[in-house]
Amino acid sequence: IDIYSLHVDCRVTSRFAHTVIISRIVNRANESQEATFEVELPKTAFITNFSMSIDGKVYPGIIKEKAAAQKEYDTAVSRGQSAGLVKITDRKLELFQVSVSIAAASKVTFELTYEELLKRQLGKFELLIKVRPKQLVKHFQIDVHIFEPQGIRFLETDSTFMTNELAEALTKVQNETKAHILFKPTVGQQKVNPELDETLLNGDFVVRYDVKREATAGDIQIVNGYFVHYFAPSEMPVFPKNVIFVIDRSGSMSGRKIEQTRDALLKILQDLRPEDHFGFITFSSKVAEWKSSLLPATEENVASAAAFVQTLSARGGTDISRALLRAVSVLDQAESLPERSVSMVILLTDGQPTSGERNVEVIQENIQKAINGKYALFCLGFGFDVSYKFLEKMALSNGGIARRIYEKADAALQLQDFYQEVATPILTKIEMQYPENAIEGLTKSNFKLFFEGSEIVVSGKISNGLDLLPVEIKAQSHTSDLTLKEEANVKEKEKIFQDQRYIFGNYIERLWAYLTIQQLLEKAISAPEEDQKALEAKALELSLEYSFVTPLTSMVVTKPRDQQQGELANKPTEAG
């Protein structure tokens, strides 16, 4: 089985990435063999299309409602043939895998398309392409086209497998608003050494960039009646933060996990700012405090906390409820905190609640009542014994986010990276306001917190006949209340994209659909049951209309008649 051509074509238009992977395979044996197509794609992406063509006949993937697809193929499942085609492989990727049997000397072409909105983190966008052909490929090519109307501020490529030889196969052409990156290594350049048929191409190919930002009220782009508004202020004073770390030291944390936690916390302590206040609560079956109140992050206090962190050891049960309630009451009772500051609780746990209150619904309810919208709760789940669903619901109900920390060598780094993302709040209570009667289907437009280096994205549909789109942003910074205003000329904005040949025309509409689905699904996690159904129904409708494989849809992969029928590609979620 010979992959004679592999082409990755990625077009990023104003953060929205559309990636097509085409693999051409020939069976050079004189009997039929199985050809396998494997692609690792970002978890944040939605697959939108898949097909295979065998000797010129096309077998498309058909996207249907998950329950209906499942029903149709339950018969196939009972024969034990329909293993899911997509599974999570690591913290950033999931694997899509299809096999098909092809006759001697036959050819098959696999084609997969997926889309995602690149998310700005720590000041840059990252496009990740996983490269793992497992053999030498005669025609191998990665093309990345980027078009950013705001202008490209910087652009870099990075790869885990690059050699000096391979670097010669990489070219980068760039002007004010566009970039084209081409990576086209010859078979000779792909080899580990000239004698062996082993490939060097195994790992990540990453493009990182950021855009220029002139307008204070962000940047508005309009195509075919849909708009997207990007807002990422910079150079603002940072809010002092009051942060309580709630750390699990139950028996299951012992060994490597608690060591990695200690390492991460020692680094995080160094990153606290003098105006921050902080505290530690550790818990197993018992809840213990480092100090009974929040302390300012003076050199002395940080040193004393570091000494405490060094002594963390793990044993006992897991009383998540009491530890969190204690953290909330410490914040409630805190005195002499800076008037304008941001308070947050960061929970790190590796298990289910086993001591104290164990009913996760009761815990969620009690925590939400206690926090009452005053503080943000971030939940980090270490490994796979946690109930991620529980942590995610708790975080999203309290203005934070959840993240899984993978049990790998870089776990301490994962913890630090997470902290970096939330370490510099620069705005709170952000309201993005648009003319009410002129916009339909507006995505989320009120945000509790904005962190330096990230970006707020709002999208919607402009009703006909609107010439000017006025925007008003209200927010609080550390030093003042802000009101920012901007007016977009609809016709002028539309013009920017009209002469861009290679862009898929309805990209803002697809971006709007992608963002709306993501937000509906996220909202459903923490919504009461009756609202959940309505949110999911809306997300399902959009998933089908725009053909996205989301957690609510399945793609039925059709195959030649003589082979096992239909397999299902489902979107895995972190909560499983």
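Is it fair to say Q352 is assigned to a loop (DSSP other than H, G, I, E, B), assigned by the TED database to the domain that holds S293, within 21 Å of T282 (Cα to Cα) and open to solvent by 70 Å² or more (accessible area, probe 1.4 Å)? Judged against the criteria, Q352 is a match. Of all the residues in segment 273-298, those that are free of Cβ contacts under 8 Å to residues at least 24 places away in the same chain, out of contact with any His (no Cβ under 8 Å at 6 or more places or on another chain) and not aromatic (F, W, Y) number 2. Here N164 clears all of (1) modelled with pLDDT of 95 or more; (2) open to solvent by 10 Å² or more (accessible area, probe 1.4 Å) except the condition numbered (1).
Total residues in segment 453-467 satisfying the condition of being open to solvent by 60 Å² or more (accessible area, probe 1.4 Å), modelled with pLDDT under 95 and either in contact with a strand residue (DSSP E or B) (Cβ under 8 Å, 6 or more places away or on another chain) or within 22 Å of A215 (Cα to Cα) (or both): the figure is 1.
Restricting attention to segment 269-289, the residues being open to solvent by less than 30 Å² (accessible area, probe 1.4 Å) and under 21 Å from S254 (Cβ atoms) number 5.
Any chance segment 139-157 includes a residue that's in the same structural domain as E34 (by the TED database), touching a helix residue (DSSP H, G or I) at 6+ places or on another chain (Cβ under 8 Å) and more than 30 Å from K485 (Cα to Cα)? Yes. Of everything in segment 94-114 that is assigned to a strand (DSSP E or B) and either under 19 Å from E31 (Cα atoms) or free of Cβ contacts under 8 Å to residues at least 40 places away in the same chain (or both), the residue that is most open to solvent (accessible area, probe 1.4 Å) is K107. Taken over segment 1-57, the criterion of being small (G, A, S) and either open to solvent by 30 Å² or more (accessible area, probe 1.4 Å) or outside any loop (DSSP other than H, G, I, E, B) (or both) is satisfied by S5, A17, S23, A29, S32, A35, S51, S53, G56.
Would you check which residues across segment 473-493 are in a strand (DSSP E or B), open to solvent by 30 Å² or more (accessible area, probe 1.4 Å) and without any contact (Cβ under 8 Å) to a residue 60 or more places away in the chain and list them? Across segment 473-493, the qualifying residues are K474, D481, L482, T483, E487, N489.
Please enumerate the residues belonging to segment 376-391 that are in a loop (DSSP other than H, G, I, E, B) and open to solvent by 10 Å² or more (accessible area, probe 1.4 Å). Lay out the reasoning, then the answer.
Within segment 376-391, the subset in a loop (DSSP other than H, G, I, E, B) is 383-387.
Scanning segment 376-391 gives F384, D385, V386, S387.
Scanning segment 122-142 for residues that are open to solvent by less than 10 Å² (accessible area, probe 1.4 Å) and part of a strand (DSSP E or B) yields F125, L127, I129, V131, F140, I142.
Residue-level check: of (1) open to solvent by less than 40 Å² (accessible area, probe 1.4 Å); (2) in a strand (DSSP E or B); (3) farther than 20 Å from I473 by Cβ; (4) of a type in the set (A, V, I, L, M), L201 misses just (2).
The values are calculated or read from the model by the stated rules, or taken from the named source; none is laboratory data. Model, not experiment: these values are computed from the prediction. Methodologically, a virtual Cβ is constructed for each residue, glycine included, from the backbone with ideal geometry; neighbour enumeration extends over all protein chains shown. When the accessible area is computed, the model is the full protein with side chains, heavy atoms only, and any ligands, DNA or RNA have been set aside. Shrake-Rupley method; radii C 1.70, N 1.55, O 1.52, S 1.80 Å.
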